[in-house]
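To keep things clear, I will list the structure first and then write my remarks on it.
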Amino acid sequence: MTTPTTPSRAALREQNAEAELRVPAHGRTARSHRIMRVTSLAVVGVFAFAATAAGSVYYTLQNNIESVDVSALLGNDPAAPEEPTGITDPNAGLPISLVLLGSDDRSGVNAEIGGEDEGMRSDTTIVLHISADRSRMEMVSIPRDSLVEVPSCTMTDGTTTDATSETMFNEVFSRGWNYGGDIDSAVGCTVKTLQSLTGLTIDGFALVDFAGFQDMIDAIGGVSICIPEDIAAPDAGLYLTAGQQTLDGVQALGLARARKGTGANMDGSDLNRIGRQQELLAATLRTVLDKNILTNTPDLLKFLNAATSSLTASPELASLPNMSGLAYSLRTITSDKITFMTIPITTAPSNEYRVVWTSEADTVWANMVADQPIVTVEEPEVADPAATATETPDTSVDPATPEETTPVETKDPGQEAFTSADTTAVCG
């Protein structure tokens, strides 16, 4: 009996290229159920421009993105990229794991926003997994205060760093920057560390800085989000009133960065800040779709120019055709299949101000490696029909008794996993 083998990435790309092009445009679900990753989704519009004689626009946006290839630092020997001939997902039929990094760069324009400081840090790290069948997206945040084992990393000049244990995860990126002196070394060390810790193969990365994030939010006219209580975070220059608010770029960045202050669990905890970042990402997804930015040419160009100008990405994600194909293959994903969570942690035995990953974290990474859902959804209990049939409900209403309202069930971002379809805060 012949043992079946798993097709290579190259083989699957060839098998699926024509099939992707033949997918019909009809039979789409309602817009509210087609929430996709903002950048990938929007790039479909760019590809459309390129196909309709707007080549100069396409050229400008493509050249906005800074491409950084760290494969050599990871010991990889990637095959030469194939140029797609249509809206084709180059990795169709294969799961994809990416790293999204928020850079705490304090030079140039970013110094005016966050204050001038030497070096460079990774302020936010999210592992994004897209399932092989493109039905799920999962975003797992890594707390910056996590104590982890860091492998030896190779810098662009050929030197190597020593492997260390009980190192704050936030130091990995800055270590690569300090020793290698460039983004390549910083990202390469971060990716190598994540692969060592999780068992995943990281297929690409995207890095965005303070200024870029602000510009993207302003380009979509702000982001609508529920602020359940007044917030005052002087260090982040953030002051918000409770209620449904539309945040501009400065306010959104302040909410993403703030750790100390009053309201919204501003207790200095990185875990609570991660929760606010996750809520902000989910709200940004909803805003882009609610405002029909993808179908409004001027708004789309404004957003895409801001998004691409702020990105440093691996060659796979720096290619607009590749991103267009990925976005097209995600066109039917539903909001309840986009999951946000923080990797399970507990207080570090060696330092009460640091955290370590629990055994539950091992399960999350193992599921991701196996391309299985990272969160198990419990089925609701079904009432016994025989028991309910014998009960006669009381339909009378006492007018003197105020009608009771069922409280809205909310998820606690940063502490609990949630989806884009879940309620995380109640306003009014």
What is the set of long-range amide H partners of SER122 at a cut-off below 5 Å, with H atoms built 1.01 Å from backbone N? ASP104, PHE173, SER174
Can you list residues whose amide H is under 5 Å from PHE205's amide H, if they're 5+ apart or on another chain and H is modeled 1.01 Å from N? VAL99, SER314, LEU317
Near LYS411, which lysines are there with a Cα under 20 Å away, not counting those fewer than 8 places off in the same chain? LYS337
Each label point is 7 Å from the Cα along the Cα-to-Cβ direction; what then is the distance between the points at ALA232 and ALA366, in nm? 4.9
Could you work out how far apart the two model spin labels at THR159 and VAL375 are, taking each label as a point 7 Å from the Cα in the direction of the beta carbon, and quote it in nm? 4.4
Give me the distance in nm between label points sitting 7 Å out from Cα along the Cα-to-Cβ direction at ASN351 and ALA421, one decimal. 4.1
With the Cα gyration tensor of the stretch 269-377 in hand, give its eigenvalues times 5 under a square root as the equivalent ellipsoid semi-axes, listed largest first in whole angstrom. 32, 18, 15
Ranked from highest to lowest mean number of other Cβ atoms within 10 Å per residue, what is the order of the peptides 348-361, 310-323, 150-163? 310-323, 150-163, 348-361
Quick one: with all protein chains in place, what share of the accessible area of the stretch 166-257 is carbon or sulfur, to the nearest percent (1.4 Å probe)? 45
Phi-derived 3J(HN,Hα) across the stretch 248-261 with the Karplus relation (6.51, -1.76, 1.60, θ = phi - 60°), rounded Hz, x for Gly and Pro, is 7, x, 5, 5, 5, 5, x, 5, 6, 8, 4, 10, 10, x
Computed from every Cα-Cα pair in the stretch 295-339, P(r) in 10 Å bins starting at 0 and rounded to whole percents is 22, 42, 36, 0
So for R0 = 41 Å, FRET eff. of ASN63-ALA132 from the Cβ-Cβ r, to 0.05, ends up at 0.85
Calculate one ³J(HN,Hα) per residue across the stretch 221-230 by plugging θ = phi - 60° into the Karplus curve 6.51 cos²θ - 1.76 cosθ + 1.60, and present them in order as whole Hz with x for glycine and proline. x, x, 10, 7, 8, 7, 10, x, 8, 4
Interchain or long-range residues, amide H under 5 Å from ALA348's placed H: ARG354, VAL355, VAL356
Average silhouette area of the stretch 158-263, convex hull of alpha-carbon atoms, in square nanometres: 9.2
Whole-Hz Karplus couplings 3J(HN,Hα) for the stretch 91-101, θ = phi - 60° and coefficients 6.51, -1.76, 1.60, Gly and Pro as x, run 10, 3, x, 10, x, 10, 10, 10, 10, 9, 10
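The values are calculated or read from the model by the stated rules, or taken from the named source; none is laboratory data. A quick note: this is a predicted structure, and the numbers were derived from the prediction, not measured. Using ideal geometry, Cβ is built from the backbone for each residue, glycine included, and neighbour counts are taken over all protein chains shown. For accessibility, only protein heavy atoms count, side chains too; no ligands or nucleic acids. Shrake-Rupley method; radii C 1.70, N 1.55, O 1.52, S 1.80 Å.
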